[in-house]
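Only one structure is covered here, and it is reproduced in the block below.
The values are calculated or read from the model by the stated rules, or taken from the named source; none is laboratory data. Just so you know, these numbers come straight off a predicted model, no measurement behind them. Here Cβ is always computed from backbone atoms with ideal geometry, including for glycine, and neighbour counts include all displayed protein chains.
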Amino acid sequence: MASSPEVSISPGEAITTWKNWFSTHWTILKICLEERLVYRGDFALGTLMRFLPIVTQIFLWSAVFSTLPSTNQNGEAANIQGYTYHQFVAYYLLTMISRAFSSMPGLASGIAKDIREGAVNKYLIQPIDMMGFLFLNRVAHKLVYYLMAAAPFALVFFLCRDFFSGWPPTETLLLFFLSLIFAFLLGFLIEATIGLIGFWFLEVGSLLFIYMLLNFFFSGHMFPIDMLPGFWRTLVELIPLHYLAYFPAAVFLGQIEGDALYRALFIEACWIIALLFINRIAFYYGVRRYSGYGG
Amino acid sequence: MHSEQPNYTQVFLTFARNSLIRDMTFRWDFIIQAVSSLCWMLMNLGFYLLIFQYTKEISGWSKYQFFLFMATTMIINSLVQTFFMPNAAEFSELIRTGGLDFALLKPIDTQFLISFRRVEWASMSNFVFGLGLLSFSLWQLEVMPTWWQVLLFPVFVFCGVLIFYSLMITLAATSIWLGRNQSLYNFWFYITNFSRYPLEIYRGPYGSWLQWFFTFLIPVLVVVNVPARLLAQEMDRQKWGLTAFAVFAAVMSLLASRWIFQSALGSYRSASS
């Protein structure tokens, strides 16, 4: 589906091909939409419930901040590594958005399962690139998700509007959206590549668990990673996981600005390109090892 | 129909033994499970170590008092995970597939059977870790527990486990009515999440409302707070009041969950054909 026609064709035919391509994908998207809409009540409730742990975080940080003097020696409002109490809460809310982009439930385990059970065959015998198909599929899923989750997210952010000090400048906002799209790409590539390891090891369950563990801690889902002391902070900034939750939130809050922000985005883009290459190479050699049992 | 009463202790020991044999058959899986759940604990501990870099106390709980609180959380949660978690998950599956028919036919109390069938020994690693952290915190606090503390702590840990068990069996029983259980784990996680913090952090108008709700309606706040306070803090009249309430809450939750479970069973219609 992602592949373009190879023979030379007239403009008229090209338009038909593109029409077909478009209608195919439109159908896929529509099916996905309808499938998800069946459980919309359950879904909206589930999305709202996901914010519940933030309630305890609000109380926890409020308790922590109540022990700090209300202004420090420089006369600034009480803060931890530049985050005031309100910014802490805003940070946790924003990481929910980053994770809505970067988390890929079931991607790696799905790929590993396809390999184990021989379901990769269906991609190999069709003129479809497996990774390309999975990517488009994921895009469709995410679009549906945003459509459905928009209302619960809007409700929660509206209720918590006092924790935010207004909208950031347009440039920051644009870079925030860019960082979200990068987070999606990075999240997809990391998980897809872990899934491809299944060509060599078949069972990637424990590997995935380790990834989940590291992701939870080092993506900044649990706390802003600038809270970490020296060595740990350097380490976490070296591995790309912090782009999945911490980075977009920090951009929105203005914690990373100017040159540092562009440099971080550039490094993230490098990671994406590098992972894309690793992913393609792993797929190329993996398929050659693959024996297609079951199928 | 005359039948002998089954020997519940004997049955339970058999379940425990069978589970252990099964765990030891897949030894590496067992070790990986134990190590990975330990890693979760360590990460959690790391998070609070980090917080205590920036503050001296959380709502009146100093660093090691708070660690003692966490250790209590670990001990209670590990007990629930070892004995009840795998069973509750299996129960929902039994309802969906109609396998519950076979449990109903056995000449033994159904709730007992489905509550104790599996024991997940790997989760005991957290229990050991929790005990270790508890001792370390006591040592750091330079507290030598008195005999009544040593006696009462396990009693209230047990009460806490009972409350969690009741909550879990209630949630599992609702899947008879609802037919699907995908949110079971989520519900469990989101509700028990409130119990992981000292109840003093829930302040202000919303906080006191939450405190009231999770103490008197769904008593998850007394689960960890009561035993942890017994060891970590000076007890006063109000704290003893809550301690006494914990016993009451445990008994009431158990009775309520028993009642809910039985009525849910009454509306079970087999799914198998």
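Here are some notes:
- Residue in the range B:40-51 that is closer than 26 Å to B:Leu162 by Cα, away from chain A (no Cβ under 14 Å) and assigned to a helix (DSSP H, G or I) present: no
- Candidate set: the range B:180-232, residues that are under 19 Å from the mean Cα position of the chain (by Cα) and among the small types (Gly, Ala, Ser); chosen: the one nearest to B:Gly60 (Cα to Cα): B:Ala228
- Of the helices (runs of 4 or more DSSP H) that lie entirely inside the range B:152-248, those containing 2 or more residues that are within 14 Å of chain A (Cβ to nearest Cβ) and either of a type in the set (Gly, Ala, Ser) or under 30 Å from B:Arg96 (Cα atoms) (or both) span B:184-192, B:204-212.
- Residues that are surrounded by fewer than 20 Cβ atoms within 10 Å (Cβ to Cβ) and under 18 Å from the mean Cα position of the chain (by Cα), drawn from the range B:97-117: B:Gln111, B:Phe112, B:Phe116, B:Arg117
- Answer residue from the range B:15-39, given it is small (Gly, Ala, Ser) and under 11 Å from B:Trp121 (Cβ atoms) and is nearest to the other protein chains (Cβ to nearest Cβ) among those: B:Ala34
- Among residues of the range A:185-205 that are without any contact (Cβ under 8 Å) to a residue 60 or more places away in the chain and on the phi < 0 side of the Ramachandran plot, those with a Cβ under 9 angstrom from a residue that is surrounded by fewer than 21 Cβ atoms within 10 Å (Cβ to Cβ) and in a helix (DSSP H, G or I), sequence gap 6+ or separate chain, pair up as A:Phe201/A:Leu207.
- Selection from the range A:84-131 of residues that are in a loop (DSSP other than H, G, I, E, B) and within 30 Å of A:Phe252 (Cβ to Cβ): A:Thr84, A:Ser103, A:Met104, A:Pro105, A:Gly106
- Cross-chain or 6+ apart pairs with Cβ under 9 Å, the range B:8-30 first and at pLDDT 85 or above, then part of a helix (DSSP H, G or I) and surrounded by fewer than 13 Cβ atoms within 10 Å (Cβ to Cβ): B:Phe30/B:Met24
- Qualifying residue in the range A:184-205 (condition: of a type outside the set (D, E, K, R), buried (at least 21 other Cβ atoms within 10 Å of the Cβ), within 14 Å of chain B (Cβ to nearest Cβ) and out of contact with any Phe, Trp or Tyr (no Cβ under 6 Å at 6 or more places or on another chain)): yes
- Exactly one residue among B:Ser62, B:Ser78 is modelled with pLDDT of 90 or more, more than 23 Å from the chain's Cα centre (by Cα) and among the small types (Gly, Ala, Ser), and that residue is B:Ser62.
- Scanning the range A:138-182 for residues that are exposed (fewer than 15 other Cβ atoms within 10 Å of the Cβ) and outside any helix (DSSP H, G or I) returns A:Ser165, A:Gly166, A:Trp167, A:Pro169.
- Among the residues of the range B:133-153, those identified as surrounded by fewer than 16 Cβ atoms within 10 Å (Cβ to Cβ), of a type outside the set (S, T, N, Q) and in contact (Cβ under 8 Å) with a residue 24 or more places away in the chain are B:Phe136, B:Val143, B:Pro145.
- Some residue of the range A:260-271 being more than 13 Å from chain B (Cβ to nearest Cβ) and either among the acidic types (Asp, Glu) or closer than 20 Å to B:Met43 by Cβ (or both): yes
- Number of positions in the range B:92-109 that are assigned to a helix (DSSP H, G or I) and of a type in the set (D, E, K, R): 3
- All positions within the range A:55-82 that are at the interface with chain B (Cβ under 10 Å from one of its Cβ atoms) and part of a strand (DSSP E or B): A:Ile80
- Considering only residues in the range A:278-295 that are in a helix (DSSP H, G or I) and surrounded by fewer than 11 Cβ atoms within 10 Å (Cβ to Cβ), the one that is modelled with the lowest pLDDT turns out to be A:Arg289.
- Flag for A:Phe88 being modelled with pLDDT of 75 or more, within 30 Å of B:Lys56 (Cβ to Cβ) and touching a Lys or Arg at 6+ places or on another chain (Cβ under 8 Å): no
- Among the residues of the range B:52-62, the ones that are in contact (Cβ under 8 Å) with a residue 40 or more places away in the chain and assigned to a helix (DSSP H, G or I) come to 0 in all.
- Residue within the range B:233-251 that is within 21 Å of B:Phe187 (Cα to Cα) and of a type outside the set (D, E, K, R) present: yes
- Taken as a whole, the structure places A:Leu253 among residues that are under 29 Å from A:Gly166 (Cα atoms), at pLDDT 90 or above, crowded, with 20+ Cβ neighbours inside 10 Å and among the hydrophobic types (A, V, I, L, M, F, W, C).
- Residue list for the range A:72-83, filter: under 16 Å from A:Gly254 (Cβ atoms) and touching a strand residue (DSSP E or B) at 6+ places or on another chain (Cβ under 9 Å): A:Ala77
- Residue among B:Gln238, B:Gln233 that is in contact with a strand residue (DSSP E or B) (Cβ under 9 Å, 6 or more places away or on another chain) and not acidic (Asp, Glu): B:Gln233
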